[in-house]
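Asks: A single structure is presented below for examination.
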Amino acid sequence: MKSKDFNLKIPANIGEQLKLDADTPVKLVVKRDRLVVEFAESRRRIFQNRLMWWPVIAAFIVSVGYYIFCRWQGIRHLKLSGDNSLATGLIVTGVVMGTLLFAIFFIRDRNNPQNHFTKNIYWRNFPVIVLSFALILALILVGSMWLLGMLFNGASFDRITASMIIFVFGVFINLAMIYFAQAVDAGVLSTVLTLVIISGVVISMAVNNERYWWQHNLSFLGTSHASSGWQFNATLIFSALLMIALIDYLFVSLQEYYPGSRRLIVLRILLTLTAINLGLVGVFPNNISSHLLHDQVASFLIYCVLALIIGVRWLLPQITKEFLYLSYGVGAALFVAEVLFRGIGYFSLTAFEMVAFVMAFGWLLMLLDRIESLINVGTESIISLEE
C-alpha cells in the first residue's frame, strides 16, 4: 500500500504565540494515539548539548572539595550513616548544589520563548519555588540515605571512595534539578505543593514524641507539646506561600484570555484568602496563648472553602457539569462529616479534621487544575492536514 505525505497547517495565532518562523524546526510525534507537534530542540533536552557538562563539572568540584575537607579534618574513614557521616555530606552537598543549579537554570530559561511558565512568574514568587524544590530534594535524599543505612548497616568508606560516591550521586542530582528547572509548569508546581504538605504532615506524625496525639486533634501536631510542632507549622506556612505563587501565576496567565473579568478577580481573592488562612493556621498554633486566633483563622479557612464550592458555578468560566456536580458532592460530604462529628458524635475531632482536610484540599487542587485548563484552552486550535 502506497503511503501518503501530508502537509500540516498551523494557525497564525498559534505561530505568533510560540514565536514560530519558517526556519523553526518542529517534529510530529505519535503518543498514545495522539499526534503531538514538538519543537525539534526541546528545552527539556539537556543530554544533547553543552548543558550536559554543567552537572558533571559541578559534581566534580564538590567531590574534590569534599575530599579536601575530609583530609583537612583528618578523617580517613566515614560511616555511611550517623553524625559526620557520608550520608550527612551527601545530603548537604546535594541540596546546596542541586538548588543552586535549579535556580540558575530557572532564571536562564526565562529568556526562552518556548517557556510560557517562567515568563509569568514574578520575582516575588521565585524564592518560594526554589525553596520548594530544595525541600523536596532534601526529603528524597534523607529518605534515600535512611534506606541505604538500613540496607548497609555499619558500612564505612575511605575518603577517596566517599568522594567518588559524592560525585556519582551529585551528577544524577544535578541532572534531575536542571531538568525540573526547565520542565516546571503549573502542573509540576501543583504536584510539588501536594508533596510538600503531605510529606510535612506525615513526617510530623512520625517523629512526634506524643504517641497518642490523635486522641487530641490534628492541630495538636503544631502545638508546643509536640516535638515536631515547628515542622508541622512550617509545612502549613510554606504550603500557603507555594499556593499563593501558583495562584499568582495562573491568574496572571488568565489575563491574556479573560482581561478584566470581575468573577475571576473574586475567584482569585477567595483562593488567596484561603491560602493566607492556611498559612495563619501555622503562624498561630493551637497553644493556650494563641488558641483563640487559631480557631478564628481555621474557621475563616472553612468559610473560604465553602464560599468557593458554592460560588464556583458563577466564578469559574467554562465550568463543566461534571466538575460542578463534583463540587456539590464535596460540599455535601463536608456537611455529612460535620453532622457525624457535631450532630451525633460518631467522628472524633481528629477524624473529622483529617477527613475534612483531605476532601477540601483535594478539591482545591482539582479547582486549580481546572483553572490551568482554561489557560491551555487558549492555546488549542484546529490544525488542518492536506495531502
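The values are calculated or read from the model by the stated rules, or taken from the named source; none is laboratory data. Values in this document were obtained by computation on a predicted structure and should not be read as measured data. All Cβ positions, even for glycine, are placed from backbone atoms using ideal geometry, and neighbour counts span all protein chains on display. Surface accessibility is based on the protein's heavy atoms, side chains included, excluding ligands, DNA and RNA. Shrake-Rupley method; radii C 1.70, N 1.55, O 1.52, S 1.80 Å.
Asks: Quick one: length gained pulling Leu131 to Tyr325 fully straight, 0.36 nm per residue minus the C-alpha distance?
Replies: Full extension from Leu131 to Tyr325 adds 66.2 nm.
Asks: Ignoring ligands, DNA and RNA, please state the percent of accessible area on the stretch 273-315 from carbon and sulfur, probe 1.4 Å.
Replies: On the stretch 273-315, the fraction of accessible area on carbon and sulfur atoms equals 75 percent.
Asks: Using 1/(1 + (r/R0)^6) with R0 = 22 angstrom and r between the beta carbons of Ile310 and Leu340, what's the FRET efficiency to the nearest 0.05?
Replies: 0.55
Asks: A further question follows. Mind giving me the FRET efficiency for Val56 and Thr88? R0 is 30 Å, r the Cβ-Cβ distance, nearest 0.05 is fine.
Replies: On the way: r = 23 Å, r/R0 = 0.78.
Efficiency for this residue pair is about 0.80.
Asks: Further, regarding this structure: Hey, got a sec? Which chymotrypsin sites (Phe, Trp or Tyr not before Pro) in the stretch 319-349 land in a DSSP loop and have at most 16 other Cβ atoms within 10 Å?
Replies: Tyr346
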